[in-house]
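Each remark here refers to the structure printed beneath this line.
The values are calculated or read from the model by the stated rules, or taken from the named source; none is laboratory data. Keep in mind that this is a model prediction, so the values were computed, not measured. Note that we place each Cβ from the backbone using ideal geometry, even for glycine, and neighbour counts take in every protein chain shown. Surface accessibility is based on the protein's heavy atoms, side chains included, excluding ligands, DNA and RNA. Shrake-Rupley method; radii C 1.70, N 1.55, O 1.52, S 1.80 Å.
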Amino acid sequence: MAQCESNNLFRNQYRIPSARLRGWDYTSAGWYFVTICVKNRVPCLADIVDGAVRLSPIGEIVAEEWQRTAHIRANVVLDVWVVMPDHLHGIVGITESSGLVETTRRVVSTMTTKSRLQPNSLGSIIGQFKSVCTKRIWAAGHCDFAWQERFYDHIIRNERALNRIREYIANNPARWELDRANNENVWM
């Protein structure tokens, strides 16, 4: 009997294949739609009341750090975004690389393990955002908070798609109860 090999094994353990587009340079200038979820989709970031977002103290930290992302990185522009009860949707623009070294304010890790993430890539931007949020949230006494390990991204290829995603994000709070009732999410 032949032994089957799996493409999902690494060091004899299962791993999840990357959701990133193979061959795409995620440091490339362009627009990206991202969704970042709380672990186990725990609704701790906000409440939706009459179609409007009311941030929790944790959600306020998330909103503050999201807005800071563009201020500390010369090559990042934020477009439409919203903090929802258990996730954040946002459009991130990466401009031409500034050639600047990333600020030490957002150091993710001091471990000697070499990261596969390139500086100024979408992955490093989101990873550092999640890291700083988590540190601040834990410092505020919410030690059980955690992000889902990965995040969803979609490369926005034209203005029509950009406008459609902007509309989706803007309408997300008003659709919250409907989406939860139907257990459907167009983007996840």
### Query
If you go through region 115-170 one residue at a time, how many are charged (D, E, K, R) and farther than 16 Å from residue 90 by Cβ?
8
### Query
How many of the residues making up region 81-123 are open to solvent by 10 Å² or more (accessible area, probe 1.4 Å), more than 16 Å from residue 37 (Cβ to Cβ) and modelled with pLDDT of 90 or more?
0
### Task
Any residue in region 28-55 that's over 17 Å from residue 149 (Cβ atoms): show its pairings with residues that are among the basic types (Lys, Arg) and open to solvent by 70 Å² or more (accessible area, probe 1.4 Å) at Cβ separation under 8 Å, as long as the two are six or more apart or on different chains.
46/54; 47/54; 48/54
### Task
State whether one or more residues within region 28-45 are at pLDDT below 80, within 16 Å of the chain's Cα centre (by Cα) and open to solvent by 40 Å² or more (accessible area, probe 1.4 Å).
no
### Message
Could you check region 151-166 and list, in sequence order, the residues that are outside any helix (DSSP H, G or I) and either small (Gly, Ala, Ser) or open to solvent by less than 100 Å² (accessible area, probe 1.4 Å) (or both)?
### Response
151, 152, 153, 154, 155, 156, 158
### Task
Quickly run through region 49-79 and pick out the residues that are touching a Lys or Arg at 6+ places or on another chain (Cβ under 9 Å), closer than 20 Å to residue 96 by Cα, at pLDDT below 95 and not in a helix (DSSP H, G or I).
73
